[in-house]
Amino acid sequence: MPTLDWLNRAAAFTTAARVPYRLLDQVSVHTPAARENSDPVQAEQVEAADPSTSSGRTGITDNLLIQGDNLEALKALLPFYRGQVKCIFIDPPYNTKSAFEHYDDNLEHAQWLSMMLPRLQLLRELLREDGSIWVTIDDNEGHYLKVLMDEVFGRGNFLCGIAWEKRYSPPPDTKDFGYVHDQILVYRRSPSFQRNLMPTTDAQTDRYKNPDADPRGPWKAMDYTCRYSATERPNLNYAIRQPNTGAEIWPKPTRVWAMSREVHARNEAEGRIWWGASGTNNVPALKNFLTEVTQGMMPMSLWKHELAGHNQDGKKEALALFSDSPFSTPKPERLLSTLLQIATNPGDLVLDSFLGSGTTAAVAHKMGRRWIGIEMGEHAATHCLPRLQKVIDGEQGGISKAVNWQGGGGFRFMRLGDTVFDERGRIHPAVRFATLAAFVWQQETGSAFDSAAAQAGTPYLGTHYVFDSHLRTEDGGSEPILPIKKPQFACYLLFNGILGDKRPASGNVLTQAVLDALLALHATTPEPAAPLLVYGEACRLGEERLKQANVTFRHIPYDVKAR
């Protein structure tokens, strides 16, 4: 597959791996002002490192507003949200050679590519297998970004390049071409992705008529031929009898019928063929009934402003919220609602790591999606935070009326904190059990830590399974059986006195007494015969005793990868 080459390309491919993990410090918790005290709830730093930690308030901890460099923030999220995000939308700097107040949008081409690559790599790791990523861009870097995303996500996972009509008319300084659209590049994580249909609009349903008073209701005439020639599809090149004139109708040499003889016979029997108002047309059409498409319409590659709004809508929405909006071209809420309608369902997790004015988070919240928004500038606190507070308070701008938004939910405001590991690999004193557990679990399994699968208050983090990927048959038959789920290991972490004894010689150290306690705990887990993988500060047992107990020991901090 062709790839891009640019200055510092090799270094760019290792940037994400070299970014240190950082703590996420919880600054405040936000709830509807009309329902609770409007003052944000200040959080204790003891749990701030773990963004998945519950605050005890329903619907709040699912949503995160993070202030900080998005590359470091994405790396900080990885242990907790790897493979959990259903949809990513980003609106990165377009590299238009113009200076923006809040973004450096004047990077050299090579710098821009080196900036985008590691972020795309981390975003891919955060996507669910059935997830998708949507990136807005223009022609300054759009074609290079397409090749770059082919390399990161796989060319076979490219879904569409959408043209979004962002302006009514060309800018006043237009010289050669009136540039009125942006691109939206859409990629899936894997073939597991399935898109939703779009709701039908009045303009679309108005195209359905019922000139022959068909009892099945309004219909639209569809082409009865397709673009293949008789040589390419000989089975679709056959004669059709015109029932009213008796004429033998053949398709044109450059086209064939769109359906087989058998399907055509069924269409005739069901009265689905239209020969014109007089019944004497020489070419048939297929009746496509409105009742059969009311579940939705296929998304198209051209998004007119009537469907997805335009930049002026976004500007008006921002000015209605803030009199001093710093964004010249904020995305309209209708654009994001269209996108999320196609790519997500209620309850799914949406991520925007170039949050800007906060539109993605606002729309996701109103549509019942969970969200994470990352913004590096001060306007994360001065603009995004108050906008999202207004959303949970029930503001009625943007898509609010269309989705009957009444307010509710909440979110947590976070900032990037200290590095989890220092330059020597030592663990930061602020790190707590749940945070290190997430790092250990991700390192060993390549997946996000699920605290629900662990046993709270114990060293048990969960059991990791592998699947037999080979479909086999029983007794030589032809019916496949399901892949077999096998336990690979059960993971345990001795850290921060999890066993209730913080003395160096006990709770965090694998001694015979601690091993006995772990084996007793292991007997209560779903897979008591699985091998044990134990992380601790030290081990006082010999190799033979560990082997006898089916235990593999990992040393903290040396066996915990800092990157």
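All of the numbers you see were taken from the coordinates with simple rules; none came from a lab. Since the model is a prediction, treat every value here as computed from it, not as a measurement. As a convention, Cβ positions derive from the backbone with ideal geometry for all residues, glycine included, and neighbour counts pool all protein chains shown.
Applying 1/(1 + (r/R0)^6) with R0 = 41 Å to the Cβ-Cβ distance of C160 and Q512, what FRET efficiency is obtained, to the nearest 0.05?
0.10
Before rounding to the nearest 500, sum -39500 (n - 2.57) across all DSSP H runs of length at least 4 in the chain and divide by the residue total; then give [θ] at 222 nm in deg cm²/dmol. Mind showing how you got there, number by number?
On the way: 14 runs with 137 residues, N = 563.
Counting only the DSSP helices, I get -7000 deg cm²/dmol.
Quick one: M116, M1, M376, M222, fewest Cβ neighbours within 10 Å first, how do they rank?
Placing the least packed residue first, the sequence is M1, M222, M376, M116.
What distance in nm separates the simple spin-label points at S192 and K547, each placed 7 Å from Cα in the Cβ direction?
So the label points at S192 and K547 sit 3.8 nm apart.
Can you quote the Å³ per residue value for the convex hull of the Cα atoms in the chain, rounded to an integer?
Numbers: hull volume 134.0 nm³, N = 563.
Given the Cα convex hull of the chain, per-residue volume reads 238 Å³.
Would you mind checking the tilt of helix 512-522 against the longest principal axis of the Cα atoms of the chain, expressed as 0 to 90 degrees and rounded to 10?
Taking the Cα atoms of the chain, the angle to 512-522 is about 30 degrees.
Once both axes come from the Cα atoms, what is the angle between helix 9-18 and the longest principal axis of the chain, in degrees from 0 to 90, rounded to 10?
Once rounded, the angle reads 50 degrees.
Between T231 and A453, 0.36 nm times their residue separation minus their Cα-Cα distance comes to what? Please report the intermediate quantities before stating the final value.
Details: separation 222, 0.36 × 222 = 79.92 nm, distance 5.91 nm.
My answer for the length gained is 74.0 nm.
Taking 22 Å as the cut-off for C-alpha to C-alpha distance, list the pairs among K316/K401; K75/K166; K166/K316; K331/K401; K86/K485; K315/K401 that go past it.
On the way: K316/K401 16 Å; K75/K166 32 Å; K166/K316 14 Å; K331/K401 18 Å; K86/K485 25 Å; K315/K401 18 Å.
The answer is K75/K166; K86/K485.
Going Cα to Cα from K287, which lysines come in below 25 Å? Please leave out same-chain ones fewer than 8 positions away.
The reachable lysines, counting only those whose Cα sits under 25 Å from K287, are K209, K220, K252.
Measure nothing fancy, just the Cα-based angle from helix 311-321's long axis to the longest principal axis of the chain, in degrees from 0 to 90, nearest 10.
The answer is roughly 50 degrees.
With 10 angstrom as the radius, rank H365, H109, H310, H181 by how many other C-beta atoms surround their C-beta, starting from the fewest. Display every interim value, and only then the final one.
Details: H365 26, H109 13, H310 23, H181 19.
By the 10 Å Cβ count, ascending, the order reads H109, H181, H310, H365.
Counting other C-beta atoms within 10 Å, which of I240, I392 has the fewest, and how do the rest follow?
Neighbour counts put them in this order, fewest first: I240, I392.
Once you place label points 7 Å from the Cα toward the Cβ at A277 and A213, how far apart are they in nm?
1.6
Normalised by the number of residues in segment 202-292, what is the relative contact order in percent for Cα pairs under 8 Å and 6+ residues apart? List each step's numbers first, then the result.
On the way: 130 pairs, mean separation 32.9, N = 91.
Result for segment 202-292 is 36 percent.
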